[in-house]
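Quick note: the coordinates plus some simple rules give every number you see, no bench work behind them. Just so it is clear, the structure is predicted and the values come from calculations on it, not from any experiment. Note that we place each Cβ from the backbone using ideal geometry, even for glycine, and neighbour counts take in every protein chain shown.
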Amino acid sequence: MSAPRSGSVIAIDHGEKRTGFAVTDALRLTIEPLPPYHGDGDGEGLLTHIANLAAERELAGLLIGIPLNADGSESGQSAKVRAFAARLAERLPNVAQHFVDEHLTSKEAEARLVEAGYVGAQRKARRDSWSALVMLEEWVQSESRT
């Protein structure tokens, strides 16, 4: 399913203790990581945080990373992420959701953080949102080809 060509998209790298975010501008010309959310990945606080991010933007959709296995099958975490996405859809019923494979995004994010010169705690603090950024870049590029 394609999102409308205008409007921002927020990418979500869902985690049990920390969730990363990245966002496009409305024209999808720029993509930037947002500060991660620290807290329960199943809690009401995360849903409220995402609703607040959505309210700040002309939002066309949410891009949610699904942790797939290397063979493309769903991992044990996939069901948790899908349950979270269902709760999020109840909170934001008019916002389209798009699911993408996220299983290699952490490695790519880590490589980019190393290249950018981040070390130790700096790298760890940014990893989830940079993973969301990688997912969103790949998705925007694939959407521009369709």
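So the values come out like this:
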item	result
For the chain, built as a Gaussian network whose Cα springs stay under 10 Å, the top-fluctuating residue of 27, 92, 133	27
Residue (of 114, 95, 11) at the positive-pole extreme of region 8-144, dipole from beta-carbon charges	114
Charge dipole magnitude, Cβ of K and R +1, D and E -1 - region 8-144, Cα centre, debye nearest 20	320 debye
Choice from 59, 29, 104 with maximal GNM fluctuation in the chain (Cα, 10 Å cutoff)	29
Beta bridges per DSSP with both ends in the chain, % antiparallel, nearest 5	50 percent
Selection from 72, 21, 135, by position along the positive dipole direction of the chain (Cβ)	21
Cα-based shape type of the chain, given that a ≥ b ≥ c are square roots of the gyration tensor eigenvalues and the cut on a/c is 1.5	rounded
Model label zone, residue 125; criterion: amide N under 16 Å from point 7 Å along Cα-to-beta-carbon; scope region 19-42	19-21, 33-39
Candidates 30, 105, 19: whichever shows maximal mean-square fluctuation once the chain is modelled as a Gaussian network with Cα springs under 10 Å	30
Region 40-83 shape via C-alpha gyration tensor axes, a/c threshold 1.5	oblate
Under Karplus coefficients 6.51, -1.76 and 1.60, residue-wise ³J(HN,Hα) of region 12-29 in Hz, glycine/proline x	10, 9, 6, x, 6, 10, 8, 10, x, 9, 9, 9, 9, 6, 4, 8, 6, 8
